[in-house]
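> Please see the structure below; I have some questions.
The values are calculated or read from the model by the stated rules, or taken from the named source; none is laboratory data. No experiment lies behind these values; they were computed from the predicted model shown. Positions of Cβ are backbone-derived with ideal geometry, glycine not excepted, and every protein chain shown enters the neighbour counts.
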Amino acid sequence: MYELQGVSKRFGSTQALHPLTLRLPTGRTTVLLGPSGCGKSTLLRLLNGLLSPDTGRVLFDGQPLPRDTEALLPVRHRVGYALQGGGLFPHLTGEENVTLMARHLRWPAARTRERLGALVELTRFPVEALGRYPAQLSGGQRQRVALMRALMLDPAVLLLDEPLGALDPLVRHELQGDLRAIFARLRKTVVLVTHDLAEAGFLGDDIVLMRDGRVVQQGGLSELEAQPADPFVTRFIQAQRPMPGGGAAA
Amino acid sequence: MSASHVSGLVRGLCAQGVVRSSSGSSLLLVLALMLAACGGGPPGSSDSTPTVRVGSKKFTESVILGDMVTQLARSTGARAVHRRELGGTTVLWEALRRGELDVYPEYTGTLRQELLSGRKLPDDAALREALAEEGLRLSAPLGFNNTYALGMKESEAERLGIRRISDLLAHPELRFGFSNEFMDRADGWPALRERYRLPQRDVRGLDHDLAYRGLESGAIQLTDLYSTDAEIAAYGLRVLEDDLHHFPEYDAVLLYRADLEPRAPDALAALLRLEGRLSEAEMVKLNARARLERVPEARVAADFLASALGVTAEVRGESLSARVWRRTREHLFLVAVSLLSAMALAVPLGMLAARRPRLGQGVLGLAGIIQTVPSLALLVVMIPLLGIGSRPAIAALFLYSLLPIVRNTAAGLAGIPLEVRESAEALGLPSRARLWRIELPMAAPSILAGIQTAAVINVGTATLGALVGAGGYGQPILTGIRLDDVGLILEGAVPAAALALLASGLFEAVERAVVPKGLRLRAESESR
């Protein structure tokens, strides 16, 4: 679905991304994993044109992403995006947040209603909470609204930036389960950013481990564990997975 | 002449309106209001009844003379309008030259020493000649000389042994308080100090009408007076002898436009009957009746005309409620037109400032500079451009309203959290839709607060509009200060305060109606 060719990005004096080449396969869930500041969110924002690369190019469905904001609009309609905390519009109810784009594109009411119904069912969102404003929703509910909003136009790709980052552990656990079920059901191309190894292993088919603006290793979790490309990979895994009894990998 | 100015202004506005048609209906609304405002100008010349527009300065004598002129013109069947209490000599002079006034009472000294001081006119004949070049004429003197004089409390002058201005040389510690006009004008304090070599350092400027109270309380010991002031006797003041003959003659005259003669010959003939009819003693008496006995100027003028010229004039009294209602309409008009046009410009400017921060700095800086210009100065600067009446007042209020609205619009837009902005962009909403659906609704509380601030400031500042003949609540305040009449001041100040509160309350109601519920919830949860 995505192919990045020699893509790099710099903010002022910080090289956020060194030139990298990467393929993100269609229909699979890829997790961008790494400590904060490693460039994973920057990479995600290059995928829907919120940022444009300094060098190289991003191919979406074989076509380079346009730089012109007008031309980006149809691409963005095919790429759902949700970020930490939800980024909900506080002046709109949950339902209005979800259906905003449908209203802008003048969908018939019946079509909007039908799609909303399907999404409420998919994300297990309480119907009676649709009329509430973001300030009246719980953290988990906000995240579900953000997910529904990202999925409203039935995009080919779903980009999620730390979608569970701001939640307490119980809600987070519950949503992780729901997300996995949703990914499995939709079979969309998903790119998810997290710093949590367990979450990456639980949700991702494929993990891209990053550090200081470079890709350290790409592969499944077991692959990362068994054949670390770099001592950093082992350190990262160990740091997040304290072994019971203090056992350490030799 | 004024009509062509007005239509020129309107045409200019129309042209701009067409160019900026994209900013839509709000601008059209403003244009319509401007047109309505301009439409209320002088009636057209097609009418056979001539109109005489009379002006007067903001002191009692001038108002009485203005009322006499008005009543005399009316007695010939002409229509006469009296723009009372205009703020300062230049306001009247400019209005007369621009053709917005036909006649006003003036003093030969003021003309020679102040308005035409650059010409160094030796006598009245030269003055007449210079005025003729401007298309203006001078009546013969009305009969009294209202020149500048210096006055002290009789008891204090006696104690210090001061009779003549030269005696002041021996008392450098005296506290002087002069009217602002006297402080500034070429023939006023600077020239007087020079002439007599006066040593006093404690010299301050204040409103002429406050000076008497200053003398009474001892805050100042000497002030400038006019030789026909009613207060000279009432406050027990000693007028110091001008032993070096510094002050020039200030003969009262009527200054009028040359085109008044062909346009309204009967009215002109009638008002020139005042020539030579007013002695100094008579004028002091008339001033005293108005200032000290609180008889309305129109009544004082009518009684004089009846006894001296045998002209009977009808003096229409206006009830308190009718007066307040008329001023409310005038005041609301000033505030509404200026505020609406400021909104139409300032909200887009604020949006621009939020989008392009560097440009925004410039816009905010400029609006800030405008805000620092004293309102009186701004009003007077407007007069050569827009004449007298509501137009300069509206223009000044418009400029003052810009800053709070621009700043709050920019701040409201800039305060939208990054993740919300990014979400809207990532959804694939075009920038116009983002603005209307997300950014403006979210910035609405801030924008409304800015408009509310502008409205409240506007209601207060609009009281100064009376100085340029715009009417409103400032009119009774001005008259009240002049006559030392607290009742009159309250007649303007109380409704102005009430209107400010009302405007503030109105915007709170608007906010409740306009600001999305979700935002108010957020505000509540944050304040908890």
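> Restricting attention to the stretch B:177-195, and to residues there that are in contact (Cβ under 8 Å) with a residue 24 or more places away in the chain and more than 27 Å from the chain's Cα centre (by Cα), which single residue is surrounded by the most Cβ atoms within 10 Å (Cβ to Cβ)?
Result: B:L192.
> Scan the stretch A:64-84 and give yes if some residue there is more than 8 Å from every other protein chain (Cβ to nearest Cβ) and either assigned to a helix (DSSP H, G or I) or in contact with a Cys (Cβ under 7 Å, 6 or more places away or on another chain) (or both), otherwise no.
Among the residues of the stretch A:64-84, at least one is more than 8 Å from every other protein chain (Cβ to nearest Cβ) and either assigned to a helix (DSSP H, G or I) or in contact with a Cys (Cβ under 7 Å, 6 or more places away or on another chain) (or both), which makes the answer yes.
> Count, please, the residues in the stretch A:47-62 that happen to be within 19 Å of A:G27 (Cα to Cα), modelled with pLDDT of 90 or more and more than 12 Å from every other protein chain (Cβ to nearest Cβ).
3
> Now, a different point. If the requirement is being more than 25 Å from A:L105 (Cα to Cα), at pLDDT 90 or above and away from chain A (no Cβ under 14 Å), which of these qualifies: B:I447, B:I451, B:I388?
Result: B:I451 is the single residue among B:I447, B:I451, B:I388 that is more than 25 Å from A:L105 (Cα to Cα), at pLDDT 90 or above and away from chain A (no Cβ under 14 Å).
> Right, something else. Could you check, for the stretch B:268-275, whether at least one of its residues is in the same structural domain as B:G66 (by TED's automatic domain parsing), closer than 30 Å to B:P50 by Cα and under 24 Å from the mean Cα position of the chain (by Cα)?
Scanning the stretch B:268-275, I find no residue that is in the same structural domain as B:G66 (by TED's automatic domain parsing), closer than 30 Å to B:P50 by Cα and under 24 Å from the mean Cα position of the chain (by Cα), so the answer is no.
> Please note which helices (runs of 4 or more DSSP H) are completely contained in the stretch A:94-207 and include at least 1 residues that are free of Cβ contacts under 8 Å to residues at least 40 places away in the same chain, of a type in the set (F, W, Y) and assigned by TED's automatic domain parsing to the domain that holds A:S222.
Ranges flagged: A:197-203.
> Tell me whether the stretch A:227-234 contains one or more residues that are of a type outside the set (G, A, S) and closer than 24 Å to A:R10 by Cα.
Yes.
> May I pose another question? Would a scan of the stretch B:289-301 turn up a residue that is within 29 Å of the chain's Cα centre (by Cα), more than 30 Å from B:A234 (Cα to Cα) and among the charged types (D, E, K, R)? If you could, list the steps in order and put the result at the bottom.
Taking the stretch B:289-301 as the starting set, the residues that turn out to be within 29 Å of the chain's Cα centre (by Cα) are B:289-301.
Restricting the remaining residues to those that are more than 30 Å from B:A234 (Cα to Cα) gives none.
No, every residue in the stretch B:289-301 fails to be within 29 Å of the chain's Cα centre (by Cα), more than 30 Å from B:A234 (Cα to Cα) and among the charged types (D, E, K, R).
> Report whether or not B:G518 is in a helix (DSSP H, G or I), surrounded by 19 or more Cβ atoms within 10 Å (Cβ to Cβ) and at pLDDT below 90.
yes
> Another question, then. Which of (1) of a type outside the set (D, E, K, R); (2) crowded, with 18+ Cβ neighbours inside 10 Å; (3) within 14 Å of another protein chain (Cβ to nearest Cβ) is the odd one out, the single condition B:P495 does not satisfy?
With respect to (1) of a type outside the set (D, E, K, R); (2) crowded, with 18+ Cβ neighbours inside 10 Å; (3) within 14 Å of another protein chain (Cβ to nearest Cβ), B:P495 is out only on (3).
> Consider A:P155 carefully, then state whether it is crowded, with 19+ Cβ neighbours inside 10 Å, more than 12 Å from A:V98 (Cβ to Cβ) and within 11 Å of chain B (Cβ to nearest Cβ).
Taking the combined requirement at face value, the residue satisfies it.
> Report whether or not B:V69 is assigned to a helix (DSSP H, G or I) and farther than 27 Å from B:L305 by Cα.
Here the answer is no, as B:V69 does not meet what is asked.
> Identify, from the list B:A313, B:A302, B:A290, B:A306, the residue that is small (G, A, S) and part of a loop (DSSP other than H, G, I, E, B). Reasoning before the result, please.
Details: B:A302 fails: part of a loop (DSSP other than H, G, I, E, B); B:A290 fails: part of a loop (DSSP other than H, G, I, E, B); B:A306 fails: part of a loop (DSSP other than H, G, I, E, B).
Selected residue: B:A313, the only one of B:A313, B:A302, B:A290, B:A306 that is small (G, A, S) and part of a loop (DSSP other than H, G, I, E, B).
> Hey, could you check the stretch B:414-425 for residues that are in contact with a helix residue (DSSP H, G or I) (Cβ under 6 Å, 6 or more places away or on another chain) and within 14 Å of chain A (Cβ to nearest Cβ) and say which is farthest from A:L50 (Cα to Cα)?
Applying the first criterion (in contact with a helix residue (DSSP H, G or I) (Cβ under 6 Å, 6 or more places away or on another chain)) to the stretch B:414-425 yields B:414, B:416, B:424.
Restricting the remaining residues to those that are within 14 Å of chain A (Cβ to nearest Cβ) gives B:416, B:424.
Numbers: B:I416: 17, B:A424: 11 Å.
For the stretch B:414-425, the residue satisfying everything is B:I416.
> Would you mention how many residues in the stretch A:25-40 are surrounded by 20 or more Cβ atoms within 10 Å (Cβ to Cβ) and either of a type outside the set (S, T, Y) or farther than 25 Å from A:A184 by Cβ (or both)?
Just the residues of the stretch A:25-40 that are surrounded by 20 or more Cβ atoms within 10 Å (Cβ to Cβ), to begin with: A:29-34, A:38-40.
With the extra rule that they be either of a type outside the set (S, T, Y) or farther than 25 Å from A:A184 by Cβ (or both), the set shrinks to A:31-34, A:38-40.
Number satisfying all stated conditions: 7.
> Working only within the stretch A:187-217, note down all residues that are among the β-branched types (V, I, T) and within 11 Å of the chain's Cα centre (by Cα).
If the condition is that a residue be among the β-branched types (V, I, T) and within 11 Å of the chain's Cα centre (by Cα), then A:T189, A:V190, A:V191, A:V193, A:T194 are the ones that fit.
> Among the numbered conditions (1) buried (at least 19 other Cβ atoms within 10 Å of the Cβ); (2) in contact (Cβ under 8 Å) with a residue 60 or more places away in the chain; (3) part of a loop (DSSP other than H, G, I, E, B); (4) not assigned by TED's automatic domain parsing to the domain that holds B:M68, tell me where B:L278 comes up short.
Single failed check for B:L278: (4).
> Can we say B:R195 is out of contact with any His (no Cβ under 9 Å at 6 or more places or on another chain) and charged (D, E, K, R)?
Numbers: out of contact with any His (no Cβ under 9 Å at 6 or more places or on another chain): no; charged (D, E, K, R): yes.
Taking the combined requirement at face value, the residue does not satisfy it.
> A follow-up question, please. Taking the stretch B:70-112, which residues are charged (D, E, K, R), in contact (Cβ under 8 Å) with a residue 40 or more places away in the chain and under 27 Å from B:R316 (Cβ atoms)?
B:R74, B:R83, B:R84, B:E85, B:E100, B:D102, B:E106
> State whether one or more residues within the stretch A:60-71 are within 25 Å of A:F183 (Cα to Cα), hydrophobic (A, V, I, L, M, F, W, C), within 12 Å of the chain's Cα centre (by Cα) and not assigned by TED's automatic domain parsing to the domain that holds A:R144.
no
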